[in-house]
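Report on the following structure.
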Amino acid sequence: MTTAGIDTLPRISSVATAQEYADVRKKSWIAVSDRGYEVLTHDNGWTVMSSKDFDIGGGFGWVLDQLDITHGPYREEWNKIIVCTEGAQREHMRKPYMHLLKPQQVAKLQSLVRELIHGILDDIKDPTNVDFMAEIGDRLPPQLYCELVSAPRELAPEVWRITNSINPPLITFNKARVKESEDAFWEGMDFLREHIEARRTNLGDDFTSELIRCEQDGMISPEEVTSVAMSLLIASMDNTMHQLGLSFGTLLEDRSRWEEVLARPTASTQAAEETFRLCPRFNVITRHASKDVIVGDFTFPADSWIMVATRSTGRDETKFESPNEFRLNRPASKALQFGGSSYSCLGAILARLEISEMIRIVAERFPKIRMIGDWKAAVGPMVSECEHLRVSLV
Ligand code: HEM
């Protein structure tokens, strides 16, 4: 099929159900929605997101445009952040994150992550009635963030409030919360500037000190230290918090899934991957074609938007046998929800560590965990949020 066949492509909603995706996948690996092309199958999805032929067309700027954040100081600050950059500037900006979040560095965090998880579980007042997000999921990433940047752990609730107000209103396209987002951004900026300045005279073994060393070594400018620190404040928490909720909702909604986790105590990493496949935080990985690009039998025309629909690719029956089943023994495959190529998530290893350790430790300490009532996930065009998940740990 070439672009000439575009009118014959099936149409699909940008928030289709699993069944709607399955029905359309039977006809075609590619569909059209109001926002562009939707790629529905796993291998073509991976080809699109890992191909150097696509760009991100201004990246997160596209989201900001939808929310009418098109100019002014808030937009100018966002334009400095990696997710809004392309080309050489993006390659340059990725270096400090790659340094901070390299696999050997993240591996060293395992005992800290475990200690934090045990502390969070110890704090639970009534194990028979737990609000999973408030008492577990929302607590780990902000506590870890404070440890990573050497801020006092008591600041974690404040950090949670700030990070939860900056990005979530934007990626859920909630115009009513844009002011909250901007206010929280400036508040976060003030906190970071003060924190970075204080650290300059007292360098230690933490992310902020490492960023300052990157500046001293000439890798980044003083202004870039702040924008890298800002994007860590923005990107390192809300996605992991929601994925924790989505992962536990997925594991507990069907008892046989949790039994499988208990039967394979060393397979918490595979368990986490299965939940990402079945219920990803990121429902779409966005790419843009600046020129005609051929993928398989289709030519994406210049100036088109391409959405890799992870809620469909994860259930692609040509890639995964019985795709709706949770199985720990699947052959390894690329997980698409962390993106790819020169745009890929730089915190994927850390996020995987947090989520798989949470699964492992809850399984060890609270094997009888069960869901109370139903859980609720809000599925949006860009991300899913865990809205409600109540559990009994005992
Ligand atoms: C489950 C949790 C997470 C999910 C689902 C997630 C997902 C994503 C996705 C989809 C992208 C864009 C990829 C692309 O377009 O190819 C991204 C980018 C990014 N993520 Fe994550 N992420 C998570 C956690 C984290 C954490 C913990 C950190 C930092 C510690 C982080 C830092 C970043 C950064 C800095 C970028 C921008 C990369 C760039 O533009 O070059 N993420 N993430």
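Tell me the residue from Met358, Met371 that is within 16 Å of the ligand (Cβ to nearest atom), under 26 Å from Leu262 (Cβ atoms) and more than 15 Å from the chain's Cα centre (by Cα), please. When all the criteria are applied, what remains is Met358. Here the range 136-180 is the region considered, the condition is being within 22 Å of Lys125 (Cβ to Cβ) and charged (D, E, K, R), and the residue that is surrounded by the fewest Cβ atoms within 10 Å (Cβ to Cβ) is Glu154. On the given criteria, is Val308 crowded, with 22+ Cβ neighbours inside 10 Å, more than 16 Å from the ligand (Cβ to nearest atom) and assigned to a strand (DSSP E or B)? Answer is no for this residue. For the range 64-80, the condition of being within 19 Å of the chain's Cα centre (by Cα) and within 12 Å of the ligand (Cβ to nearest atom) holds for none of the residues.
When the range 69-87 is filtered for residues that are in a helix (DSSP H, G or I), of a type in the set (Asp, Glu) and surrounded by 15 or more Cβ atoms within 10 Å (Cβ to Cβ), only Glu77 remains.
Selection of the range 275-304 for residues being away from the ligand (no atom under 14 Å from the Cβ) and not in a strand (DSSP E or B) yields Ser290, Lys291, Asp292, Gly296, Asp297, Pro301, Ala302, Asp303. Restricting attention to the range 56-68, the residues that are part of a loop (DSSP other than H, G, I, E, B) and either under 20 Å from Ser342 (Cβ atoms) or hydroxyl-bearing (Ser, Thr, Tyr) (or both) add up to 5.
Filtering the range 262-274 to residues that are assigned to a helix (DSSP H, G or I) and in contact (Cβ under 8 Å) with a residue 60 or more places away in the chain leaves Leu262, Ser268, Thr269, Gln270, Ala271, Ala272, Glu273. Scan the range 88-106 and give yes if some residue there is modelled with pLDDT of 95 or more and either assigned to a helix (DSSP H, G or I) or more than 21 Å from Cys345 (Cα to Cα) (or both), otherwise no. No, because not a single residue in the range 88-106 is modelled with pLDDT of 95 or more and either assigned to a helix (DSSP H, G or I) or more than 21 Å from Cys345 (Cα to Cα) (or both).
Of the candidates Glu321, Glu385, the single residue that is assigned to a loop (DSSP other than H, G, I, E, B), over 19 Å from Leu9 (Cβ atoms) and touching a Lys or Arg at 6+ places or on another chain (Cβ under 9 Å) is Glu321.
Applying the condition of being in a helix (DSSP H, G or I) and within 12 Å of the ligand (Cβ to nearest atom) to the range 32-55 and asking which residue is surrounded by the fewest Cβ atoms within 10 Å (Cβ to Cβ) yields Ser50.
Does the range 119-128 include one or more residues that are more than 27 Å from Met382 (Cα to Cα), more than 15 Å from the ligand (Cβ to nearest atom), in a loop (DSSP other than H, G, I, E, B) and polar (S, T, N, Q)? Among the residues of the range 119-128, at least one is more than 27 Å from Met382 (Cα to Cα), more than 15 Å from the ligand (Cβ to nearest atom), in a loop (DSSP other than H, G, I, E, B) and polar (S, T, N, Q), which makes the answer yes.
One line per residue, one yes/no per condition, for (1) in contact with a Lys or Arg (Cβ under 9 Å, 6 or more places away or on another chain); (2) free of Cβ contacts under 8 Å to residues at least 40 places away in the same chain:
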| site | (1), (2) |
| --- | --- |
| Leu100 | no, no |
| Pro103 | no, no |
| Leu109 | no, no |
| Asp131 | yes, no |
| Arg139 | no, yes |
| Ser150 | yes, no |
| Glu154 | no, yes |
| Glu180 | no, yes |
| His195 | no, no |
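Just to verify a result, which residue in the range 311-335, among those that are at pLDDT below 95 and within 16 Å of the ligand (Cβ to nearest atom), is surrounded by the fewest Cβ atoms within 10 Å (Cβ to Cβ)? The extreme case among them is Lys334.
The values are calculated or read from the model by the stated rules, or taken from the named source; none is laboratory data. None of the values given here were measured: they were computed from a predicted structure. Cβ coordinates were reconstructed from backbone atoms using ideal geometry, including for glycine residues, and neighbour counts include every protein chain displayed.
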